[in-house]
Amino acid sequence: MRLRVVVWLSMVAGVLSAVAQAAPVPPFGHAGRWITDARGRVVVVHGTNMVEKRPPYTPAAAGFSADDAAFLARLGFNAVRVGVIWKAVEPVPGVFDDAYLERIARTVAMLARHGLLSLLDFHQDLFNERFEGEGAPDWAVEDGGLPNPRLGFPANYTGNPALQHALDAFFSNAPGPDGVGLGDRFAAAWAHVAARFRRLPTVLGYELVNEPFPGSAWATCLGATGCAFDAVLTAFSRRVAAAIRTVDPQTLVWYEPNVLFNVGFGSAVGALGDPHAGFAFHDYCPTEPATHSPAGCDAFDDRVFAHALAHVAETGEAILLTEFGSTSDAPYLTDMLARADRSMVPWLEWSYCRCNSPTDTGAQPGLVVDPHRPPRGANLVVSTLRALVEPYPQVIAGTPLSWGFDPATRTFTLRYTTARADGTGRFAPGATTEIATPRLVYGGHYGVRVDGGAVAVRHGGSRLEIAACPGAETIVVTVSPAGSKRGSCRIRARR
């Protein structure tokens, strides 16, 4: 066992050659629940979060740099949710810190050089440092002079009257210190950010606000059908999206339900009413740290996914799981990946590092312990990495029917039709589907069988391109640790 760990670590440490990354073509849109690229191919993301919750609120300040991006690319990941903190964006009402945004933009550009997309996330937890969290500027905190007990995360949400009052004021667009609505200020800040990032093609979208909490009305949201706050949140999200659309009419805008959705409760949040909208949800089983077993969370996690899938089936919006995990419990993580695969839901796990976060709980350190140090050796969280790295389809020239990976046999299977996800016909013969085949799973060597298609390219054993045969309507790809390369035809890939 020790020898296997040492060999695995040596592979991660950089012995792996650089890999060519799958390249969805921007701009990104969606066809119903599916994220799509400019060619209409379905885009699937696997990745992580990188949010620095302490000043100066930049990933670079936490030590996140090019060696981390290269490491994530070698793992087969293709996206990072990048935290943007409103307090840093707008330190004074109506005054924006463009130097801060430039530092965020450098991280986005660095990720792009390594084939990684960026989802920009206005992140908050507990709203502000006054409540032991981060997110809003000090000037945006209207606490009503109420008691402010220090109960920590997440207990401040349910037991801190000052925080609840501040959240009520924020989401209801109460006037700030200069008489302008707090929600209006937030929307204007997002518009300023969107104006800076709208021309960066690898931005996957804007996630409006992380984990919105219902404030003083939280107890009314502990039900199966949602609560009155959901209407307030819907109006808030539409206001922010409308501000973004004044400067950026196209980039995907992602909105979240109230945070109690993430622990199994229902939501009545409405559709964004935007043709380029996506629904971002989180899934955190509240009993997982105690059970240390996926069996203790199966019904719970299935319910969260069912709620999310039902929502996008009704609204026609794209779907993306932007947080889950926050644990090094490998069986639980493996179970969550299997659930996401069964549901064909793209994901971004929490998180790349703990990075002295004031609101992360438990002992979960992330994928690496400290981004200031190289991502190798004792700086890696081996069990978490092993659980999260798997083959998956990064770009599909058609509409997915199913995909899945069996860790025991290391067998990956993908089924898709050549029909376009938007219903406008079929992809032409030779259209390419790209599959991540991470070296940490296959070591660069694997067998491939394709029914209805052909193996077009194998990029150094870490990425596989499949081309559709003439007349093919359904394509089935099977990747396994051993075997030959077999397809149904000979055809040149169309790029």
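In deg cm²/dmol and to the nearest 500, what is the mean residue ellipticity at 222 nm of the chain if only DSSP H runs of at least 4 residues count, each as -39500 (n - 2.57), divided by the residue total? Result for the chain: -8000 deg cm²/dmol, rounded to the nearest 500. Local charge for Val479 was computed over the other residues whose Cβ lies under 14 Å away, with Lys and Arg +1 and Asp and Glu -1, and equals +2. Of the beta bridges DSSP finds with both residues in the stretch 44-389, what % are antiparallel, to the nearest 5? Percentage antiparallel, nearest 5: 15. Using θ = phi - 60° in the Karplus curve 6.51 cos²θ - 1.76 cosθ + 1.60, the 3J(HN,Hα) couplings for the stretch 408-418 round to 5, 9, 6, 10, 10, 9, 10, 10, 8, 9, 7 Hz; x is entered for Gly and Pro. Here's how it looks for Leu117: its modeled amide H is under 5 Å from those of Ala79, Val80, which are all 5 or more places away or on a different chain. Residue-wise HN-Hα couplings along the stretch 464-476, as the Karplus relation 6.51 cos²θ - 1.76 cosθ + 1.60 with θ = phi - 60° gives them from phi, are 10, 10, 10, 10, 6, 6, x, x, 5, 10, 10, 10, 10 Hz; Gly and Pro carry x. For the pair Ala195 and Ala155 in one chain, pulling the backbone fully straight at 0.36 nm per residue adds 10.8 nm over the alpha carbon distance. Compared with the rule-of-thumb size 2.2 N^0.38 Å for a compact globular protein, the stretch 273-340 has a Cα radius of gyration ratio of 1.21. Note on the chain: Rg/Rh from Cα positions, Kirkwood definition for Rh, rounded to two decimals, is 0.96. Take every Cα-Cα pair in the stretch 399-486 and report what % of them are more than 16 Å apart. The answer is 50 percent, as a whole percent. Taking a point 7 Å from the Cα of Ala299 along the Cα-to-Cβ direction, the residues of the stretch 249-286 with backbone N closer than 17 Å to it are 263-266, 285-286. Relative contact order of the stretch 309-417, taken over Cα pairs closer than 8 Å and 6 or more residues apart, is 23 percent.
Each reported figure results from applying straightforward, stated rules to the coordinates on display, with no laboratory input. Just so we're clear, the structure is a prediction, and the values are computed from it rather than from any experiment. For neighbour counting, all protein chains shown are included, and Cβ atoms are generated from backbone atoms with ideal geometry for every residue, glycine included.
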